[in-house]
Amino acid sequence: MALRLLQLLVGLVLFGAGCAVMVQAGIGLDPWTVFAQGLSRQTGVGIGWVTNLVGFLVLLLWIPLRQRPGIGTIANILLVGTSMQLTLWVLPSVQGFLLQVLVFLAGTALVAVASGLYIGARFGPGPRDGLMTGMHERFGWPIWTARLTVEATVLLLGWLLGGTVGLGTVLFAVLIGPLVHVTLPWFDTRTRASRSRIGRRTAPAPGA
């Protein structure tokens, strides 16, 4: 349990740091961060703090969807935006298109590793993912339909509010799924437990 909690916390902190790296690259963001950035620019509140607030508001939408948050859900709301804000305070912005692309790709890779860590810890989904799975369970929508509907909506609203949409938005959409598909098995605690049980069953008996 302690190792799983540590994995969760490290994953969420790295997730926020990866998002901050993508923000500083300045070539576009994932839909939810576009939305948070747009709200930040309109209100003057730091994007990390806005991310935490948006996570909390999304969690309230779980109530009519009859979803129950886990430890990971609450930790997500508290840590991702905080880590993002703290990283932005020390991370300079990036100039030069090629360097911006490289930095954005590094941020995407960091988010993918972080996703593998916190999802693999299996302490419950983040508030945004839980919203989509809740829509699937409550209304029978396919997951991809719920995700597309929600993310297209927040992307449009974020863009109208002044969030950055660009090449990075496209790169993230194309790359994050395959990257998490690779990283999740590295850190999936259930997979590790299964392998451990198989290893114990197949190990030779003492003295054999």
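Overview of values
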item	result
Proximal charge balance of Arg66 [Cβ under 13 Å; K/R count +1, D/E count -1]	+1
Sparse-neighbour loop sites [chymotrypsin sites (Phe, Trp or Tyr not before Pro); the range 1-83; at most 15 other C-beta within 10 Å; DSSP]	none
For the range 1-90, radius of gyration divided by Kirkwood radius, i.e. Rg to Rh on alpha-carbons	1.00
Separation between Cα centres of the range 7-53 and the range 77-105, rounded to whole Å	8
Kirkwood-Stokes translational diffusion coefficient of the range 89-158, alpha-carbon pairs, 20 °C, 1.002 mPa s, µm²/s	145
Per-residue [θ]222 nm for the chain (sum of -39500 (n - 2.57) over DSSP H runs n ≥ 4, rounded to 500)	-26500 deg cm²/dmol
Per residue accessible area of the range 1-62, 1.4 Å probe, in Å²	40
Length-normalised contact order of the range 49-153 in % [C-alpha pairs under 8 Å, at least 6 apart]	40
The range 1-151 - charge dipole about Cα centre, Lys and Arg +1 at Cβ, Asp and Glu -1, debye rounded to 20	300
The chain, accessible surface, carbon-and-sulfur percent (1.4 angstrom probe)	71
R0 of 41 Å, Cβ-Cβ distance Arg122-Thr145: FRET efficiency to nearest 0.05	0.95
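The values are calculated or read from the model by the stated rules, or taken from the named source; none is laboratory data. Given the structure is predicted, the values throughout are model-derived calculations rather than measurements. Don't worry about glycine lacking a Cβ; one is built from the backbone with ideal geometry, like all the others, and counts go over all protein chains shown. Keep in mind that these areas ignore ligands, DNA and RNA; they rest on the heavy atoms of the full protein, side chains included. Shrake-Rupley method; radii C 1.70, N 1.55, O 1.52, S 1.80 Å.
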